[in-house]
Amino acid sequence: MQSGYQDISKYCAEHGVALLAVSKTKTPVEILAVYNQGHRIFGENKVQELVSKYEALPKDIQWHLIGHLQTNKVKYVVPFVSMIQSVDSWKLLKEIDKEANKKNHNVNVLFQIHIATEETKFGLSYEEAEAIFSNPELKDLTGITISGLMGMASLTEDEQQIRNEFRGLKNFFERYRQLQGSNIKLQTLSMGMSSDYKLAIEEGSNMVRIGSAIFGERK
Ligand SMILES: *Cc1c(COP(=O)(O)O)cnc(C)c1O
């Protein structure tokens, strides 16, 4: 067992920041070791893995999906997921809404914003997110609540660049936080991973997503 959990959880509590333990590739036994220390919020990036861990593990775990979601897989996660952090298109948002309404659910979602320079990372540009916020049809989506934003900074040693990317997202978050709407309640700013969570917290994150620093490196 890695000893990272206690330290990180304490650090987050002291800073008033929520901690999502990212358990992708880790076994149910490894997850239970963290669960048994009192942790209840876990994140996965693949639908199939998320569903099978949900089935195998205690039902008081709050599961967050943090990886790219294809519209044809939405129906598998909507029944139990507590947040989808990786909404990156209007089409996906509409599909989540449709499935949520079928199940009489309301799903909390975050817009994933592309803040890194790498091209491989998914996410909306600021302009695309703005277009969704100003879409007149948004108010008709009663099965979702847009509860915040998620972003991943570039994989770089350049601390200033990472800070700038986080700061840009924080500014955007503050701007849209003013927006009123029955399904828009921006509260969560999910930014920061094992390598950059302290920077992210300094730049205004209120939820960090941490995998390897808790569970050890992934193979
Ligand atoms: C894997 C992953 C993390 C956690 O990464 P670590 O570097 O292991 O902390 C955070 N966010 C997303 C979206 C991920 O896919």
| Would you pick out the residues in the stretch 43-64 that are within 22 Å of residue 98 (Cα to Cα), part of a helix (DSSP H, G or I) and within 16 Å of the ligand (Cβ to nearest atom)? | 47, 48, 50
| message | Among the residues of the stretch 204-219, what is the count of those that are assigned to a helix (DSSP H, G or I) and at positive phi? | response | 0
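Go through the stretch 153-169 residue by residue and tally those that are in a loop (DSSP other than H, G, I, E, B) and either small (Gly, Ala, Ser) or crowded, with 24+ Cβ neighbours inside 10 Å (or both). Break it down into steps so the answer makes sense when it comes.
First pass over the stretch 153-169, keeping only residues in a loop (DSSP other than H, G, I, E, B): 153-158.
If we keep only those that are either small (Gly, Ala, Ser) or crowded, with 24+ Cβ neighbours inside 10 Å (or both) too, we end up with 153-154.
Within the stretch 153-169, residues that are in a loop (DSSP other than H, G, I, E, B) and either small (Gly, Ala, Ser) or crowded, with 24+ Cβ neighbours inside 10 Å (or both) number 2.
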| message | What pairs come out if I take residues in the stretch 45-57 that are over 21 Å from residue 212 (Cβ atoms) and pair them with residues that are away from the ligand (no atom under 16 Å from the Cβ) and assigned to a helix (DSSP H, G or I) whose C-beta lies under 7 Å away, six or more apart or interchain? | response | 47/73; 47/76; 51/76; 56/28
| query | Exactly one of (1) in a loop (DSSP other than H, G, I, E, B); (2) within 16 Å of the ligand (Cβ to nearest atom); (3) within 21 Å of residue 101 (Cα to Cα) is unmet by residue 67. Its number? | reply | (3)
| note | Being charged (D, E, K, R), away from the ligand (no atom under 16 Å from the Cβ), free of Cβ contacts under 8 Å to residues at least 24 places away in the same chain and part of a helix (DSSP H, G or I) narrows 91, 73 down to just 91
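Which of the following residues is surrounded by fewer than 16 Cβ atoms within 10 Å (Cβ to Cβ) and part of a helix (DSSP H, G or I): 127, 118?
On the way: 118 fails: part of a helix (DSSP H, G or I).
Residue meeting the stated conditions: 127.
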| First in the stretch 194-219 and modelled with pLDDT under 95, second anywhere and more than 7 Å from the ligand (Cβ to nearest atom) and charged (D, E, K, R), Cβ under 8 Å, 6 or more apart | 218/26
| request: Answer yes if at least one residue in the stretch 143-159 is closer than 28 Å to residue 34 by Cα, more than 16 Å from the ligand (Cβ to nearest atom) and modelled with pLDDT of 95 or more, and no otherwise. | output: yes
| request: Could you list all residues from the stretch 173-203 that are more than 26 Å from residue 157 (Cβ to Cβ) and either in a strand (DSSP E or B) or within 16 Å of the ligand (Cβ to nearest atom) (or both)? | output: 181, 184, 185, 186, 187, 188
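The values are calculated or read from the model by the stated rules, or taken from the named source; none is laboratory data. The shown structure was predicted, so the numbers you read here are calculated from the model rather than taken from an experiment. Positions of Cβ are backbone-derived with ideal geometry, glycine not excepted, and every protein chain shown enters the neighbour counts.
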